[in-house]
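Report on the following structure.
The values are calculated or read from the model by the stated rules, or taken from the named source; none is laboratory data. Everything quoted here is computed from the prediction, not taken from an experiment. Here the Cβ positions follow ideal geometry from the backbone for every residue, glycine too, while neighbour counts run over all protein chains shown. Accessible surface areas use protein heavy atoms only, side chains included; no ligands, DNA or RNA. Shrake-Rupley method; radii C 1.70, N 1.55, O 1.52, S 1.80 Å.
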Amino acid sequence: MVLGVVWVASAAYLGAYLRHGWVPHDAGTLAQMAERVLYGQVPYSDFREIYTGGLTYFNALAFRMFGVNFFSLRIPLFLLFLGWVPTVYLIARRFSRPIAAGAVTLLAVAWSVPNYPEGMPSWYNLFFATWGVLALIRYMETDRRRWLWIAGFCGGLSFLVKITALYFIAAALLFFVFREVSLSRVTEARPARGAVLYRIFASGGLLLFLAGLTRLVSRASDLTDFFYFVLPSACLVFLVVWELWRKSAQGSPARFRLLFSMVLPFLGGVLVPIALFLGYFYRVG
């Protein structure tokens, strides 16, 4: 009942704003690229695509179905938004009672798409990342690897929208390292020696990720970027590295197997839509 009320309220709230907030730079750019594809042109070859390209084909499909106008770009945004709202609720429901979960969902809705109901790629990145998070939660609950593949598939589709999907993919990989540390500690029967190789591998990967993130953010002039992006990641990285070296757990072979049993299905899901997209571009030359 709570989810139904929240769902209807969210749909009505966004629906009331769906025709507001036009910005020529955004709507015009998205529409021009989609119109070019609609008439047979290919991104990167016939015109300069400013994102990965998947959203342009999605918008071209919207033009074909609903007509060549700016509002057509907002219809698929609204439809995917309707699929995103219950996902936020289901995630919040894992941590709170229905009323609180409904309140959190309404807050997420109020702080998201209705503020700028344009079919921007960042909204689609948000949708796919949220669906991917729910898939990861389902994996933890069921221990079924198909949920890892689904989470990766969401990441791959998000990557086809905009390259910032790499943040979700990196977050998932960080989660896998943390989960491996947690499971190895929980299932530890007796201290094992021979986990040094795994510790070096995992620690090196985490520190490399942090160094890359720091280098990326350092290009910005605003110091708050370090506070928002680097500091939280650094806390998580050092937490995991600390746990890696603090206690003895299983040997390296078992730990590698456990880690890659999560990483490989996820990356497989990521690569499927990207490979299909690349295959299309290869086919059209």
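Miscellaneous remarks
- Close amide-amide hydrogen proximity is noted between Phe47 and Val42, each under 5 Å apart and 5 or more residues distant or on a separate chain (H modeled in the peptide plane; Pro and chain starts excluded).
- Among the chymotrypsin sites (Phe, Trp or Tyr not before Pro) in region 32-119, those located in a DSSP loop and surrounded by at most 15 other Cβ atoms within 10 Å of their own Cβ are Tyr39, Tyr44, Phe95, Trp111.
- Backbone N under 20 Å from the Arg246 label point (7 Å along Cα→Cβ), restricted to region 202-216: 202-207
- Positive-end residue, the chain charge dipole about Cα centroid, Cβ charges, pick of Phe281, Phe201, Ala60: Phe201
- Among the protein heavy atoms of region 94-143, carbon and sulfur supply 69% of the accessible surface, probe 1.4 Å, non-protein parts ignored.
- Length released on extending from Phe209 to Asp46, taking residue separation times 0.36 nm less the Cα-Cα span: 55.1 nm
- Once the Cα-Cα distance is subtracted from the 0.36 nm per residue extended length, the Phe78 to Val2 segment shows a gain of 25.3 nm.
- Degrees between helix 74-93 axis and first principal axis of the chain (Cα, 0 to 90, nearest 10): 30 degrees
- Using 0.36 nm per residue and subtracting the Cα-Cα separation, the extra length available between Phe238 and Arg219 on full extension is 4.5 nm.
- Net charge dipole, the chain: roughly 960 debye, given to the nearest 20, about the Cα centre with Cβ charges of +1 for Lys and Arg and -1 for Asp and Glu.
- Toward the positive end of the charge dipole of region 1-154, with +1 on the Cβ of Lys and Arg and -1 on the Cβ of Asp and Glu, the farthest Cα among Asn125, His25, Met1 is that of Met1.
- Rounded tilt (10° steps) of 2-17 against the dominant C-alpha axis of the chain: 40 degrees
- 1.4 Å probe accessible area per residue over region 71-206, in Å²: 46 Å²
- Helix 252-283 vs. the chain, principal-axis angle (Cα, 0 to 90°, nearest 10): 20 degrees
- Net charge in the neighbourhood of Trp147 (other residues with Cβ under 11 Å of its Cβ; Lys, Arg +1, Asp, Glu -1) is +2.
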